[in-house]
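Comments concern the structure below.
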Amino acid sequence: MSTLFNLTDLRLRIRYRPRIDIYQSSSWLEWTALLNKWLRWSERSRQRADLRDLDEHLLKDIGVTRQQALDEANRPFWD
């Protein structure tokens, strides 16, 4: 009876599989992507809050009206 490999070969292949580095695993990449997204959202939220708190003369310096600043500041953080 001819087979491509026998049971012993199969056990050796399973036992000596190369280990996947944690930094290369898909779950690590997913967590990293999630953390990056959260950091972007947090920074965007902070910037919009800062824009909301600017004085009229600072808004005039950047060429934005109070209403435009409030409209931008009131957008959801994920947008």
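Under the condition of being of a type outside the set (D, E, K, R) and over 12 Å from W78 (Cα atoms), which residue from region 41-62 is nearest to the chain's Cα centre (by Cα)? That would be Q47. When residues in region 41-79 are screened for being among the acidic types (D, E) and touching a residue at least 12 places away in the same chain (Cβ under 8 Å), 1 of them pass.
Test W28 against the criterion of being aromatic (F, W, Y), at pLDDT below 95 and surrounded by 10 or more Cβ atoms within 10 Å (Cβ to Cβ), and give yes or no. Answer is yes for this residue.
The values are calculated or read from the model by the stated rules, or taken from the named source; none is laboratory data. These figures come from a predicted structure and were not determined experimentally. Cβ coordinates were reconstructed from backbone atoms using ideal geometry, including for glycine residues, and neighbour counts include every protein chain displayed.
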